[in-house]
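Read the structure below first, then the notes.
The values are calculated or read from the model by the stated rules, or taken from the named source; none is laboratory data. In this text the structure is predicted, and so the values were computed from the model without any measurement. Virtual Cβ from ideal backbone geometry, glycine too; neighbours counted across all protein chains shown. Accessible surface is based on the protein model in full, side chains and every heavy atom, while ligands, DNA and RNA are left aside. Shrake-Rupley method; radii C 1.70, N 1.55, O 1.52, S 1.80 Å.
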Amino acid sequence: QVGNILGLKIFRLLLFLAAILIFVFYARKKIPFYYLITLVFFLVVGLASSCLLRPLVFNFFFIQFFLIILINYEKTKNSKNLLWIFFLGALWSNLHFGSFIYGSILIGIFLFSAFVQYGNFLIEKKRVLYSDQYIKPIKDLSLALISFWLSMAVSPYGFDALVYPWKVLLLPKFIHFYQTTMIIQEMAAPNVLSLNFG
């Protein structure tokens, strides 16, 4: 109300720049400069077509934060790093429904990788062996995924907020989610968004 339309445009621009700067700040020492510039180019193109004044813009930040946490855990295997998943998940789930989908997929990818590494270990050893080096990531990431799901109860709706995403995805008639996805802008391909909002 204070900034009117101009204020909203400036706010959107700041969110857009902040999402890019987080990526550049984290990646600048980890990948060569020419790769970084290429990735930033694709990031700018992708975000430009999706940077709508909708709660989905916050997904750009939380996806990066989750990736930073999970990649740091992958390197250090320090389970304390994963504690942030619960707190960020509680905040994210109160901002956008996409938190459940994106957050679960991100943690699930790293969890799947941990299972694959353990499977490779068993195949190479030709017999079933217990190795904490391979079991610990499976336990830690499984707990991280469960804690992420539980974080959704940190909401004015409590238990209802916890089960809401499951109802949306598993009960087709609950809110008719699958019938309405074609008109949800953030579910559309980037080129469609570009045509609609370019």
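Suppose every K and R has +1 on its Cβ and every D and E has -1 on its Cβ; what is the size of the dipole of the stretch 1-109 about the Cα centre, in Debye to the nearest 20?
Value, rounded to 20: 220 debye.
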Result row for the chain, helices from DSSP H with C-alpha axial extent 24 Å or more and mean Kyte hydropathy at least -0.5, is 4-27, 59-76, 98-125, 132-151
Which residue fluctuates the most in the chain, going by a Gaussian network model with Cα springs under 10 Å, if the choices are LEU67, LEU111, LEU17?
LEU17
Taking the Cα centre of the chain as origin, sum charge times position over the Cβ atoms of Lys and Arg (+1) and Asp and Glu (-1), and report the length of that vector in debye to the nearest 20.
420
Loop-only check: which trypsin sites (Lys or Arg not before Pro) in the stretch 34-133 are DSSP coil with at most 10 other Cβ within 10 angstrom?
LYS126, ARG127
Please compute, over every Cα-Cα pair in the stretch 1-104, the percentage with a separation greater than 18 angstrom.
57
What is the stretch 1-111's relative contact order, in percent, from Cα pairs under 8 angstrom and six or more apart in sequence?
25
Please list the three semi-axes, largest first and in whole Å, of the ellipsoid equivalent to the chain, using sqrt of 5 times the eigenvalues of its alpha carbon gyration tensor.
32, 24, 17
Result for the chain: accessible area per residue, probe 1.4 angstrom, in square angstrom, of 65
Please get the size of the charge dipole for the stretch 51-154, origin at its Cα centre, with Cβ charges of +1 on Lys and Arg and -1 on Asp and Glu, quoted in debye to the nearest 20.
240
Relative compactness, the stretch 1-40, computed as alpha-carbon Rg over 2.2 N^0.38 Å
1.60
Here the relative contact order (percent) of the chain, from C-alpha pairs under 8 Å and at least 6 apart, is 20
Quotient of Cα radius of gyration and Kirkwood radius for the stretch 88-164, i.e. Rg/Rh, equals 1.15
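For a quick check of your reading of the filter: which trypsin sites (Lys or Arg not before Pro) in the stretch 1-42 sit in a DSSP loop and have no more than 12 other Cβ atoms within 10 Å?
ARG28, LYS29, LYS30
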Please sort by residue number the chymotrypsin sites (Phe, Trp or Tyr not before Pro) in the stretch 34-136 whose DSSP state is loop and whose Cβ has at most 11 other Cβ atoms within 10 Å.
TYR130
